[in-house]
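Beneath this line is the structure, given in structure tokens, with notes to follow.
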Amino acid sequence: MTIGIGGVSPQQALEGLKNMTQDVEPIALAEFEARITKAQQLMQQQGIDAVYLNAGTNLYYFTGMRWFASERMVGAILPAKGEVQYIAPAFELDTIKGYMLVDGTVNTWHEDESPYVLLVGTLVAMGIEASHAKLAIDESTSYFISNGIAKAAPQLTLVDAKSVTAGCRMIKSPAELALIQQAMNMTIEVHKAAASMLYEGITTDEVSAFIDSAHRKVGAKRGSYFCIVLFGEDTAYPHGVKSPKSLDKNDTVLIDTGCQLEGYNSDITRTYVYGEPSTRQRELWQLEQQAQLAAFNIAKIDLPCGDVDTAARQILEQAGFGPGYAVPGLPHRTGHGIGLDIHEWPYLVKSDRTPLVEGMCFSNEPMLCVPGEFGVRHEDHFYMTTAGAKWFTLPAKSIDDPFYLGKD
């Protein structure tokens, strides 16, 4: 039997976990203010007069305000020069003030008024004339909002804010790295606990429910941010199947899950065997790890992101898989950026030629999919340093001891 897989009850596995968030430090006000300064520098360089930040992770990143997007416009105007101002429904004014971290005027609209006209008027009051201004729209903004702004001020030039938002967010600060690191630490402990309580006949829903409880036990207030649990042939499909099977002896097990800590995400996948691995399971498990390590080892400052993807893909192609994105093989990118969004810029995919820079964070998950048999995904994350890539969590040790629980 694989070391650490099965053998304890769900209750025993939960009892072995503890809260891991006592020493967590949230992002300080000074860092939010520094982010605004950096964004304004980028805006001035690019000739952008203001950025509209819609409710969501971009609004939080720059202002510290946690607000979820809805059918009502809630956001902030970040000017190239000057202070942030907010746009919100009038009946939310007191609530908005309660959530506010970076101070700024809150411009409000009533239900029978247009928030888009209000935004344009606010720009004018800020000294930004629509007739010759360039407003960058947060790339996550719903179309109805950008369309409403365009109709309210046809003369206003609307552009994509990605060069500013991603230009800031894809480089993580030490405080951000610390939060991501602790979130990853929490999730790897949850993985160990989940593996330990598996038993023949358990369903994927039962495992997912346990993982949610385990994430809460280690300190993730909302439990699992996401959870994918797959057994047997189902593991060949990266995001699962409509009707997942229950666990049988000697099944391949794939669990991909994560949580959030102060808004920052963890995301780890482990693949192992419940029982005794076959020769085929061993071969593909090891080949997948070779691809993961090839991606990690090539990652150096200034290397294009796409070259990391190529390094992993070549390992699999040399073994007869692919080519390219064909299956059996690796059908998706090798990795994604991570931070306040679980998938964010840049990406480890052939077409992304963004140079690697200190502070960038990525998943490393060149999954090997063999439909009709099984799949293997090893997913750990790394961040870039001047000396190269550094793991947040170490890759699995071996198919017989994925969690480093055996004797050396």
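In the range 243-250, is there at least one residue being open to solvent by less than 60 Å² (accessible area, probe 1.4 Å) and outside any loop (DSSP other than H, G, I, E, B)? No, because not a single residue in the range 243-250 is open to solvent by less than 60 Å² (accessible area, probe 1.4 Å) and outside any loop (DSSP other than H, G, I, E, B).
Could you check how many residues of the range 224-239 are assigned to a loop (DSSP other than H, G, I, E, B) and in contact (Cβ under 8 Å) with a residue 40 or more places away in the chain?
Just the residues of the range 224-239 that are assigned to a loop (DSSP other than H, G, I, E, B), to begin with: 224-225, 237-239.
Now drop any that are not in contact (Cβ under 8 Å) with a residue 40 or more places away in the chain, which leaves 225, 237-238.
Residues that pass the stated criteria total 3.
Could you run through the range 164-183 and say how many residues are part of a helix (DSSP H, G or I), in contact (Cβ under 8 Å) with a residue 60 or more places away in the chain and surrounded by fewer than 21 Cβ atoms within 10 Å (Cβ to Cβ)? Final tally of qualifying residues: 7. Do you know which residues across the range 222-253 are in contact with a Pro (Cβ under 9 Å, 6 or more places away or on another chain) and on the phi < 0 side of the Ramachandran plot? Across the range 222-253, the qualifying residues are I228, V229, L230, F231, E233, D234, A236, Y237, P238, T252.
Selection of first residues in the range 197-223 that are more than 13 Å from P244 (Cβ to Cβ) and of second residues that are part of a loop (DSSP other than H, G, I, E, B) and among the acidic types (D, E), restricted to Cβ pairs under 9 Å at least 6 apart or on distinct chains, gives the following pairs, ordered by first then second residue: E200/D248; G201/D248. Which one is surrounded by the fewest Cβ atoms within 10 Å (Cβ to Cβ) among residues in the range 258-282 that are among the polar types (S, T, N, Q) and assigned to a helix (DSSP H, G or I)? Here the answer is T279. Scanning the range 41-67 for residues that are in contact with a helix residue (DSSP H, G or I) (Cβ under 9 Å, 6 or more places away or on another chain), part of a helix (DSSP H, G or I) and of a type in the set (S, T, N, Q) yields Q46, T57, N58, T63. Taking each residue of the range 105-123 that is more than 11 Å from G148 (Cβ to Cβ) and looking for partners that are open to solvent by 30 Å² or more (accessible area, probe 1.4 Å) and hydrophobic (A, V, I, L, M, F, W, C) with beta-carbon atoms closer than 7 Å, six or more apart or interchain, yields V106/L93; N107/L118; T108/L93; W109/L118. Condition first: touching a Phe, Trp or Tyr at 6+ places or on another chain (Cβ under 7 Å) and of a type outside the set (V, I, T). Can you find one or more residues in the range 303-311 that meet it? Yes, the conditions are met somewhere in the range 303-311. Selection over the range 387-404 of residues that are within 12 Å of G359 (Cα to Cα) and either hydrophobic (A, V, I, L, M, F, W, C) or open to solvent by 10 Å² or more (accessible area, probe 1.4 Å) (or both) gives a count of 3.
Looking across A312, A299, one residue alone is of a type in the set (G, A, S) and in contact with a strand residue (DSSP E or B) (Cβ under 7 Å, 6 or more places away or on another chain). It is A299. Restricting attention to the range 223-242, the residues that are open to solvent by less than 30 Å² (accessible area, probe 1.4 Å), in contact with a Cys (Cβ under 8 Å, 6 or more places away or on another chain) and within 16 Å of V376 (Cα to Cα) add up to 1. Scanning the range 124-150 for residues that are within 30 Å of D341 (Cα to Cα) and among the charged types (D, E, K, R) returns K134, D138, E139.
Here L17, L42 are screened, and the one residue that is over 23 Å from the mean Cα position of the chain (by Cα), open to solvent by less than 50 Å² (accessible area, probe 1.4 Å) and more than 25 Å from V218 (Cβ to Cβ) is L42.
The values are calculated or read from the model by the stated rules, or taken from the named source; none is laboratory data. It should be emphasised that the depicted structure is a prediction, and the values quoted were computed from it without experimental measurement. Cβ sites come from the backbone with ideal geometry, for glycine too, and all protein chains shown count toward neighbours. In case anyone asks, the SASA skips ligands and DNA or RNA and just uses the protein heavy atoms, side chains included. Shrake-Rupley method; radii C 1.70, N 1.55, O 1.52, S 1.80 Å.
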